[in-house]
Amino acid sequence: MEQYDLIGIGIGPYNLGLATLTAEKTNLKTIFFDQNGQFAWHPGMLIEGTDLQVSFLADLVTFANPTSKYTFLNYLHEQNRLYKFFFFHKFEMPRAEYAAYLKWVVKQMPNCHFKSQVKDVIDHGDHYEVVVNHWGEQKECSYFTKHVTLGTGGTPMIPFELDDIGSEDVHHSSQYLYHKKRTVQAKHITVVGSGQSAAEIFFDLLKLQEHFDYHLFWYTRSPGFLQLDNSKLGQEVFTPDYVDYFHELPYQERTDSLELLGQLRKGIDQETLHRIHELLYHRSIENKKLPVTIQPLTEIQKVVIHGSLVKVEAKQWQKGEDVTFETEKVILATGYRPNIPDWFYQRFENNIEWEDDKRFKVDNNFKLVFKQGQREHHFYTLTNLEQSHGTGATNLGLAVDRNIQIINEIAGETVYEQQRDTIFTQFDS
């Protein structure tokens, strides 16, 4: 029976980074599967002119091995774009270029397979059996492995029911570009959310507004459209040192800390907010009435079809006032929730420790904690980590440190050095 050291389920930046780091400096036998037809990173949100909120150093490999041939800088070099990026004078990667970089890496990874949906994972005690439907070839196969990593990412979070409403009329921000051509033909467009995605979509539509004829609404239940805290000392929570500290806290303190870190983890970058305000200011010269409504403190509670329009029911929660209005298009920049496959619950729900009804317990090295105790064949998770690893749950730079820990544990040796004691802040005495 052929056995792998590691099988990865899902191929996004996290598992792709793991595939890359294992391919470059280990003899580990690995294979990765993704149910999609090809690699694509947030294709519906690659709005022209938008950048990631992290440095280019937060690529797939640099924090583990800056001499790797799979760094973003080497990608630029091979694409003859290094001088262009040099004069770009930014630390941040454009979203579209980050997506292109990931595709460039995928093409060099023969152990990454698409059109391959994992249908089941069976725990045999001393190994796992991973059942894969290779739908492109119309065949089903079983693969055997010592360890598994679950990297299935997130799925759009819709905070209310969308019964009988077409996806073109009300859709998640992840689908924005797919519907954009028809969206801008409407007379009323509503954006919901207070994060970077909402701001980017609002600004994109605001720039186009003079070429079309729509009123643009922007609502959020948050108290305001708040700026992301990019202060240098504040951002030191996005380091392995802080993640180690966070993981050692009791569960309740960890969940409370997520709220306290809100301004550092979620918000809109300063440049986007400034560009929105500047455009509004220039258009309002001579006190022109703008076809724009921007309103925080307002929670969207229900949307229903009302003739050819969408009726929206909301509440201004601070004053306790009901708000009702009609629009044609609603774009929900309402975030994501962990995408956990059905087979996971069927196979593992009763065998692992849970911290609450939705969050499974994860040890410091990102392994599920089984009720039966110590085991040699591990199930690692790269998703649903917010309650266990805080800032390390979705940050691209910290994903590399996570992969270092996983690789070193599986290999039984220090393949990549972990970086600790790297910041000026200390979080305990």
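For the stretch 169-237, what's the radius of gyration and Dmax over Cα atoms, in angstrom?
Using the Cα atoms of the stretch 169-237, the pair Rg, Dmax is 14.4, 45 Å.
Dipole of the chain (Lys/Arg Cβ +1, Asp/Glu Cβ -1, origin at the Cα centre): which of Gly373, Gly37, Thr149 lies farthest to the positive side?
Farthest towards the positive end: Gly37.
Taking the Cα centre of the chain as origin and charging only Cβ (+1 Lys, Arg; -1 Asp, Glu), how large is the dipole, in debye to the nearest 20?
1180
Based on the alpha-carbon set only, what is the convex hull volume of the stretch 208-285 divided per residue, in Å³?
Considering the Cα atoms of the stretch 208-285, their hull volume per residue is 135 Å³.
Evaluate the charge dipole of the stretch 132-171 about its Cα centre and quote only its size in Debye, nearest 20, assuming +1 on the Cβ of each Lys and Arg and -1 on the Cβ of each Asp and Glu.
Result for the stretch 132-171 is approximately 580 debye, rounded to the nearest 20.
Would you mind calculating the gained length between Lys311 and Thr425 on full extension (0.36 nm times residue separation, minus the Cα-Cα distance), in nm to one decimal?
Taking Lys311 through Thr425 to full extension adds about 36.1 nm, to one decimal.
Viscosity 0.890 mPa s, temperature 25 °C: what is the translational diffusion coefficient of the stretch 24-74 from Stokes-Einstein with a Kirkwood Rh over Cα pairs, rounded to a whole number of µm²/s?
After rounding, the answer is 175 µm²/s.
Calculate, in nm to one decimal, what Glu24 and Asp229 gain on full extension: separation in residues at 0.36 nm each, minus their alpha carbon distance.
Stretched out fully, the Glu24 to Asp229 stretch lengthens by 70.2 nm.
What are the ³J(HN,Hα) couplings of the stretch 231-244, residue after residue, when phi is run through the Karplus curve with 6.51, -1.76, 1.60 and θ = phi - 60°? Round to Hz, x for glycine and proline.
These are the phi-based 3J(HN,Hα) values: 4, 5, 5, x, 6, 5, 6, 8, 9, x, 4, 5, 4, 4 Hz.
Of all beta bridges DSSP finds with both residues in the chain, what is the antiparallel percent, to the nearest 5?
55
Please give the net charge around Asn65, taking every other residue with its beta carbon less than 14 angstrom from that of Asn65, where Lys and Arg add +1 and Asp and Glu add -1.
-2
Which three numbers, in whole Å and largest first, are the semi-axes of the equivalent ellipsoid of the stretch 333-429 derived from its Cα gyration tensor as √(5λ)?
In descending order the semi-axes read 24, 19, 13 Å.
How long is the gain from Lys319 to Leu57 if the chain were fully straight, where each residue apart is worth 0.36 nm and the alpha carbon distance is subtracted?
Contour length minus Cα-Cα distance gives 89.8 nm.
How do Thr255, Thr220 line up, fewest other C-beta atoms within 10 Å first?
Least crowded to most crowded, the residues run Thr255, Thr220.
Counting each pair of different Cα atoms once, what's the Kirkwood radius of the stretch 120-182 in Å, rounded to one decimal?
Kirkwood hydrodynamic radius for the stretch 120-182: 15.7 Å.
If you take every residue apart from Ile423 with its C-beta less than 12 Å away from the C-beta of Ile423, what net charge results, scoring Lys and Arg +1 and Asp and Glu -1?
-2
Given the options Ala58, Ala19, Ala186, which has the most mean-square fluctuation in a GNM of the chain, springs set between C-alpha atoms less than 10 angstrom apart?
Result for the chain, Cα springs under 10 Å: Ala186 fluctuates most.
Can you give the calculated 222 nm mean residue ellipticity of the chain, where each DSSP H run of n ≥ 4 adds -39,500 (n - 2.57) and the sum is split over every residue, rounded to the nearest 500 deg cm²/dmol?
When only DSSP H runs of four or more count, the value is -8500 deg cm²/dmol.
Near the amide H of Lys119, under 5 Å away, which other amide H atoms are found, from residues 5 or more places off or on another chain, if H is placed in the peptide plane?
Distant-sequence amide H within range of Lys119: Val131, Val132, Asn133.
Relative contact order, percent, of the chain when contacts are C-alpha pairs under 8 Å separated by at least 6 residues?
21
Amide H neighbours of Asp269 under 5 Å, at least 5 residues apart or on other chains, H built in the peptide plane: list them.
When sequence neighbours closer than 5 places are left aside, the close amide H contacts are Leu228.
How many angstrom lie between the C-alpha centres of the stretch 320-387 and the stretch 70-128?
Value for the Cα centre distance between the two parts: 24 Å.
Please compute one quarter of the surface area of the Cα convex hull for the stretch 386-429 and express it in square nanometres.
Over every viewing direction, the Cα hull of the stretch 386-429 projects on average to 4.1 nm².
Take every DSSP beta bridge whose two residues both sit in the stretch 126-235, then give the antiparallel share in percent to the nearest 5.
The antiparallel fraction comes to roughly 60 percent.
Where does each of Thr324, Thr190 land when they are ranked from fewest to most other beta-carbon atoms within 10 angstrom?
Thr324, Thr190
What pairs from Lys29/Lys115; Lys289/Lys329; Lys319/Lys361; Lys187/Lys288; Lys180/Lys311 go past 29 Å between their alpha carbons?
Over 29 Å apart, Cα to Cα: Lys319/Lys361.
Please compute the alpha carbon radius of gyration of the stretch 51-96, then divide it by the globular-protein estimate 2.2 N^0.38 Å. Two decimals is fine.
That works out to 1.09 for the stretch 51-96.
Largest first, please: the extent of the C-alpha atoms of the chain along each principal axis, to the nearest Å.
Projected onto the principal axes, the Cα atoms of the chain cover 72, 52, 49 Å.
Output the antiparallel fraction of DSSP beta bridges having both residues in the stretch 183-293, as a percent to the nearest 5.
In the stretch 183-293, approximately 0 percent of DSSP beta bridges are antiparallel ones.
On alpha carbon coordinates alone, what is the Rg over Rh value for the stretch 79-211, Rh being the Kirkwood radius?
With Rg and the Kirkwood Rh in hand, the quotient comes to 1.07.
Going by how many other beta carbons lie within 10 Å of each one, how would you line up Ser284, Ser55, fewest first?
Ser284, Ser55
Over 10 Å intervals from 0, what percent of Cα-Cα pairs in the stretch 1-149 sits in each interval?
Whole-percent P(r) values from 0 Å outward: 11, 36, 31, 17, 5, 0.
Using a Förster radius of 56 Å, what is the FRET efficiency between Tyr178 and Asn351 based on their Cβ-Cβ separation? Nearest 0.05, please.
0.90
Computed from the coordinates by the stated procedures, all read-outs in this text should not be read as laboratory data. The structure presented is a predicted model; accordingly, all values stated were derived computationally and were not measured. Every residue, glycine as well, gets a Cβ built from its backbone with ideal geometry; the counts of neighbours run over all protein chains shown.
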